[in-house]
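J.: I am attaching a structure below and will ask some questions about it afterwards.
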Amino acid sequence: MIRNVVGSILALAGATAAVLSPFRAWYDGRHGRDYRIEDLFAGITDSKAEVIGSVLLPLAFAALLTLVGVVLRSRLLVALAGLVVLGFTILWMVRVGQAEGGLTVDPDGGGLGTGVALALLGGVLLLLGALLMAGRARSRRAPEEVSTPPGHTAHPGPPGGPPPEEHSRYAEPDPRANRDRYGGNEDYDRRDAPPPYDAPTRSYDVPDPDGRERDPDRDRWNNP
């Protein structure tokens, strides 16, 4: 937030300086609005330009890009405006240097004027503003929730272990599942089953070696 505010202030200040520069002296007391746009490509002449067709036009276009970029918080538009200002200013300096045989700066007001300094300063401020701006905040998408089938409860796996699907694969099986699979009773529990030594016993009659049937009462009284 603070970066956007500081960057926007620098960008607006740079755009203001760029728009004001054509109304100042650029070279030998000649204002920037007196240079035609055609002179930047065909060579500098003494012809006086109209305001609409002067160097003011590209600088005003850069200021418009700056306003749109600040409103939309677009670093690209602000940086493009700075490149437009610096590009046209440097191109003008090259053409004037070719026409005059070089560029000079005189303390008495000759040579390069304050208008060129304002244009260069405006372009630099626009680039600095684009660098400082944080841009538009990206919306964070909420994590998608995994839908579970009806009647199924998802159990989270242990920390650092396999996912819930794989964890359930290795979980301890329920003994009732196998019992139900083979037709067992759901109400039946292994703890209700009697231990082996409590099982009922059955008595068998042992035949007498003499071939006679044994009489339990007789054997009981005949035993010493």
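Taken together, the values in this text are just the output of simple stated rules run on the coordinates, not laboratory data. For clarity, every value in this text was computed on a predicted model and none was experimentally measured. Because the Cβ atoms are built from the backbone with ideal geometry, glycine has one as well, and the counts that use them run over all protein chains shown.
J.: Looking at 104, 47, 83, which one has the Cα that reaches farthest to the positive end of the dipole of region 13-104 (charges on Cβ: Lys, Arg +1; Asp, Glu -1)?
T.: In region 13-104, that residue is 83.
J.: Taking the Cα centre of region 2-131 as origin, sum charge times position over the Cβ atoms of Lys and Arg (+1) and Asp and Glu (-1), and report the length of that vector in debye to the nearest 20.
T.: Working: 9 positive and 9 negative charges, 136 e Å.
Rounded to the nearest 20 debye, it is 660 debye.
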